[in-house]
Amino acid sequence: MWSSPFGLEFGFIEMNKLVILLCSLLWGALSANAIYVEDAFVADWQLESIGPYQCVFEDGNQQNLIIISKYDSGSLISFVNQTDGRILFRHPLKFRAVDAMLLENGSGYVLKDNTGSTFTFDSTSGFPLDAESFNGTFTSTCVPKQENVNISKDFLQLIDRDSRLEILKVPLNGTFAGLNFFHSDGLTTMKFLYSTLEGYYVFQCFENGVLHHEWSRDESIHDVTAHAFFDIPNEKLLSITNELLVEQDISNIWGAYKYRVAKNWGRFKSFLKENQYSPGKIITKLMRMDSKLLNGSDDVEFGLAKYLIVASKEGSLAAVDSSDGARIWTTRTDLQDIIFLDFIGQRRELFTFAADGAYALYDVSNATRPVLSRKDKVGNVAIDSISKLDEGKYFLKLENGSKQLFSLISSTSTAEINVITTHDKKGVYGMILKDDGLLQDTWKISLKESEEIVAYAARADVPVANIGVTLGNRTVLYKYLYPNLASYVVSDEKSGSIFVHLIDTITGELLYSQFHDEKVDHHAPINIVFSENWFVYSFFSSVPLPEQKLVVVELYESLEADSRVSSPSGEYNSLKSVNKPKTISNAYFFPEVIKRMTVSSTRYQISVRAVILELENGQMTYLSKAILSARRVEESKMTDNDKKEFMAMPYISTIPLNDHFIITHSRNLLMGENAQLVSIATNLESTSIICGIGHDIFCTKIYPSGQFDTMSPSFEKGKLLATILGLFVLCYLLRPSVETAKLKSQWLVRS
Ligand SMILES: *[C@@H]1O[C@H](CO)[C@@H](O)[C@H](O)[C@H]1NC(C)=O
Ligand SMILES: *[C@@H]1O[C@H](CO)[C@@H](O)[C@H](O)[C@H]1NC(C)=O
C-alpha cells in the first residue's frame, strides 16, 4: 500500500513545529518572572500610633512609660517599654481622661474624666481595678516637675537647684514643642521625653551625665483623614508604551513592522553590549534564579510598588511604601483640616483639598520628592463633602446646601458625566449636568421623620469577567449587569427595623426592597457593599437572639437557566425603564461584630471576589464570595447536578470564623471611628492590597483565589532549562532514525 508521498514532508513539518514549541518553551522559561510565595509572610505591616501624648508617667517599677492620649471621643492608655520605645500594649477607654495620678505605692494609677469621676487601674496590666474606688486626694502626675530644667533654642539644660550651675546640656532633636516627662533622682539618673513640632517624641536617659539610652517615636501620622495611592512608574514599561504609541501612528503596516523589529533588535544589541558580548555572562544572567533577583524592580513591574499617601487633620502629608510601611517623605501643607486626597495619574499630581475649600497640587513626577505646583481656593463657603467623578473632576457639596462641580482638567477628558447621584442621611438625590455646566435636580427620594440612611453603596464600575454563572448541568444563569445601580440601608429607629432598597441611579426607580424587623441595634455598625451583580449588608439584630447578620442579595436577568432577557448587541436608553432584576437572597449569622466591610478588587476581576471584614475586636478577615452566596441551599434540597457546580456548598446558617483567614494574624488594630478599609488592585490578577487606614495603618496582600499567577520558591528554572535542552538534543539525535523509519515504512520494508 502506498501512503501519501507527502508523509515525509509532513513529518518534517511536525518536527519543525516541535522545534518551534521547544524554542518558545525555552524562551518562556528564560523570561519567566514571578514573585514568590515566601513573599506572603512578610507582606503585612502595621504603623501603631499612640496619638498626641496628653500625659506621660512611669509605672511603679520604672520599667515602662504609661502614656495617655486622645482616641476618638475617649482616651487611649499605652504602655511603652522605656528601654527601646516599643509599645507593649494599648487599651482604649470609653471616657476622655483629663488627668492622671500614680498611686503612692506605684501599684496603680487613677484617671479622672471631665466630670471629675475617678477610675483606678493596675499599673502592670493596665486593666481597670473596679473593686476599690479612689478616695484620697488627687494630685496630678501629668505635669513634669521641671523647675530645674531650662530650654533654650537648641538645647535642654539641667541646672543644679542650689548653685544654679549647669549640670547637663543636651542638644535637641528637631524643633522643641514641649516637655512631656521628666524624672531625675537628684543624683545619677535623669530621663526625659519631649515632643517636637515635626511630630516626634524623643526619650533620653542619662546616667552620671552620659547618655545611657534613647529612642524616638514618630507620631506624625495618626488619625488619617484622607488617603490616596499612587503607582511608582515603571520606566521600562513607559518606554515600551511610547513605542507602541508611535507604532500605532505609522499607517503603513510594513513600516510599523520594521519599526518594531528595529526597536527589538536595538534592545537585543544593548543586552549583548551590557554583557560585553560574553556568552558565559549572558548564560549565567539568564540562568540565575529569580528569587535571588527579587528586588524592588519586580515589584514595580507587577504593580505591587505603590505609595500610600496619607493626610492628617493638622495638615501634614506623608507617603509610605505600601509594601513595608517605610516612610518615603513627609511634608507640611498650610491647609487646615484636609478632607480629600486624590492622585491625578494623567498629570502625576497629588490633589489635596481642605474643608474650607483651599487646595494644593503637588507634582509627584519624582515619586520621592513632592513639589508644590499650585495653591488656590474654591469659593468662600465651607465644603461639606467632595467626591470624585472622573479624573480631575469633582463634585462638591457646600455647607450651605448648594452643589457644585469642580474641575482641575479643562474639558480634555472625553468621558461625559451627565447624571450624578448623591445621598445624605435624609435622602437620595438625582441631578443632571446640563450643557452650560450647571446642575439641575431631577429626582429625589425622601424619608420619614424617624428614618435615616445608614449605609449606601453604588455599584462600582468594574470589569466583569463572566456574564453568567455556570450551573452543575452546564446551563447558565445570566447575571443582571445593568451598571447604574445603588443600594442603601434605611434604618427606622422607632420601629427597630431596617429597609434595604435597590435603585436605578439614572431614574431613581426602586427596583427591589427587603426589610428586617428584628430589633436592629442602631448603635452597632451597619454596612453595605455592592459589586458586579450582588450586594452584601451587615447589621446586628437583637431578636430572637443578639446576633451579627450578613445578608447577600444576588441579581439575575432571570432565575431560569439559559434564559437571557437583555440582548448583548442592543443599545439601551437608561431613561426608559430597564428590565427589573430577579433576586435571590440568603442571610447568614456571623460570630463577630462587623465594623467595616469592603470588596476585594483585582485587575480584571477574574479571581473570586472576597468580602473583607474588619471586626470589632480589632482583627481583619475575609470571606470568599463563594461562601457568601445567595444560591446556597440545604444539602437535602441539592440535586446531584447542583453538587457538580463549581464551588457549590450546602447552606449552613452560620459562617464560622476561620483562623486561616485572619489576615491581621496576632496584630491588634486600633482603627478609630473614621477609619477606612480599602482594597487596591495590582498588576497580578491574583493579588489585592488591603489597607485599613485610620488611627493605625495596616496593609497586607490577599489572594482570594490562591496565587495562581505566582511561582513557588521551589520552582527550579535550571532543571526546566536542562530538560528542554535535553529534549532538543534528543530530537536532533532521533531525527535521522525517525526519517529512516518513515522511508522504510513507505517502501513497506520491515525494520
Ligand atoms: C524592654 O526592652 C528591652 C530592650 O529591648 C528588653 O530587654 C526588655 O525585656 C523589654 N521589657 C519588656 C517588659 O518587654
Ligand atoms: C439545570 O439545573 C437548574 C438548577 O438546578 C435547573 O433549574 C434547570 O432546569 C436544569 N436544566 C436542565 C436542562 O436540566
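Points to keep in mind about this one:
Okay, residues lined up against (1) modelled with pLDDT of 90 or more; (2) hydroxyl-bearing (Ser, Thr, Tyr); (3) touching a Gly at 6+ places or on another chain (Cβ under 6 Å); (4) away from ligand 1 (no atom under 16 Å from the Cβ):
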site	(1), (2), (3), (4)
Ile66	yes, no, no, no
Thr83	yes, yes, no, no
Asp99	yes, no, no, yes
Gly116	no, no, no, yes
Ser123	no, yes, yes, no
Thr137	no, yes, no, yes
Cys142	no, no, no, yes
Ser152	no, yes, no, yes
Asp160	no, no, no, yes
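- Scanning the range 716-751 for residues that are assigned to a loop (DSSP other than H, G, I, E, B) and under 17 Å from Ile283 (Cα atoms) turns up just one, Glu716.
- Some residue of the range 660-674 being in contact (Cβ under 8 Å) with a residue 24 or more places away in the chain, more than 30 Å from Ser73 (Cα to Cα) and away from ligand 2 (no atom under 14 Å from the Cβ): yes
- Of all residues in the range 636-652, those satisfying the criterion of being on the phi < 0 side of the Ramachandran plot, surrounded by 10 or more Cβ atoms within 10 Å (Cβ to Cβ) and of a type outside the set (Lys, Arg) are Met638, Thr639, Asn641, Asp642, Glu645, Phe646, Ala648, Met649, Pro650, Tyr651, Ile652.
- Scanning the range 360-380 for residues that are touching an Asp or Glu at 6+ places or on another chain (Cβ under 8 Å) and part of a loop (DSSP other than H, G, I, E, B) yields Val364, Pro370.
- Only a single item in (1) surrounded by 15 or more Cβ atoms within 10 Å (Cβ to Cβ); (2) at negative phi; (3) of a type outside the set (S, T, N, Q); (4) at pLDDT below 95 is not met by Asp517, and it is number (1).
Rundown of residues vs (1) closer than 22 Å to Phe530 by Cβ; (2) at pLDDT below 90; (3) of a type in the set (A, V, I, L, M); (4) loosely packed, with under 14 Cβ neighbours inside 10 Å, yes/no style:
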position	(1), (2), (3), (4)
Val428	yes, no, yes, no
Gly437	no, yes, no, yes
Ile445	yes, no, yes, no
Lys448	no, no, no, yes
Tyr456	yes, no, no, no
Pro463	yes, yes, no, yes
Leu471	no, no, yes, no
Tyr478	yes, no, no, no
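- Pair list, Cβ under 8 Å, 6 or more apart: the range 358-369 residue among the basic types (Lys, Arg), other residue surrounded by fewer than 20 Cβ atoms within 10 Å (Cβ to Cβ): Arg369/Trp329
- Conditions (1) within 16 Å of ligand 2 (Cβ to nearest atom); (2) in contact with a Leu (Cβ under 7 Å, 6 or more places away or on another chain); number of the one not met by Trp534: (1)
- Strands (runs of 3 or more DSSP E) (entirely within the range 63-149) containing at least 2 residues that are in contact (Cβ under 8 Å) with a residue 40 or more places away in the chain and buried (at least 18 other Cβ atoms within 10 Å of the Cβ): 64-71, 74-81, 97-102, 108-113
- Within the range 35-54, considering residues that are part of a strand (DSSP E or B) and in contact with a Phe, Trp or Tyr (Cβ under 9 Å, 6 or more places away or on another chain), the one modelled with the lowest pLDDT: Tyr36
- Here the condition is being modelled with pLDDT under 90, in a loop (DSSP other than H, G, I, E, B), of a type in the set (A, V, I, L, M, F, W, C) and within 15 Å of ligand 2 (Cβ to nearest atom); of Ala630, Ala648, it holds for Ala648 alone.
- Residues (among the acidic types (Asp, Glu) and surrounded by 17 or more Cβ atoms within 10 Å (Cβ to Cβ)) located in the range 693-746: Asp696, Asp709
- Among the criteria (1) in contact with a strand residue (DSSP E or B) (Cβ under 6 Å, 6 or more places away or on another chain); (2) on the phi < 0 side of the Ramachandran plot; (3) modelled with pLDDT of 90 or more, the one Lys306 does not fulfil is (3).
- Taken over the range 543-583, the criterion of being touching a Lys or Arg at 6+ places or on another chain (Cβ under 6 Å) and without any contact (Cβ under 8 Å) to a residue 60 or more places away in the chain is satisfied by Val543 alone.
- Filtered residue count, the range 154-199, keeping only those that are outside any strand (DSSP E or B), polar (S, T, N, Q) and closer than 30 Å to Val224 by Cβ: 2
- Asn674 under 23 Å from Leu550 (Cα atoms) and surrounded by fewer than 14 Cβ atoms within 10 Å (Cβ to Cβ): yes
- Taking first residues from the range 623-641 that are of a type in the set (Val, Ile, Thr) and partners that are surrounded by 10 or more Cβ atoms within 10 Å (Cβ to Cβ), the Cβ contacts under 8 Å between residues at least 6 apart in sequence or on separate chains come to Ile627/Met649; Ile627/Ile655; Val633/Asp642; Val633/Pro650; Val633/Tyr651; Thr639/Gly472.
- Ala524 closer than 22 Å to Ala626 by Cβ and either in a loop (DSSP other than H, G, I, E, B) or without any contact (Cβ under 8 Å) to a residue 40 or more places away in the chain (or both): no
- Annotation note: of His516, His523, the sole residue that is more than 28 Å from Thr602 (Cβ to Cβ) and either among the β-branched types (Val, Ile, Thr) or under 29 Å from the mean Cα position of the chain (by Cα) (or both) is His523.
- Looking across the range 541-565 at every residue that is loosely packed, with under 15 Cβ neighbours inside 10 Å and among the small types (Gly, Ala, Ser), the one that is farthest from ligand 2 (Cβ to nearest atom) is identified as Ser542.
- Considering (1) buried (at least 21 other Cβ atoms within 10 Å of the Cβ); (2) at pLDDT 95 or above; (3) touching a Phe, Trp or Tyr at 6+ places or on another chain (Cβ under 9 Å), the lone condition that Phe535 does not fulfil carries the number (3).
The values are calculated or read from the model by the stated rules, or taken from the named source; none is laboratory data. Everything numeric in this text was worked out from a predicted model, so none of it was measured. Note that each Cβ is placed from the backbone with ideal geometry, even for glycine, and that neighbours are counted across all protein chains shown.
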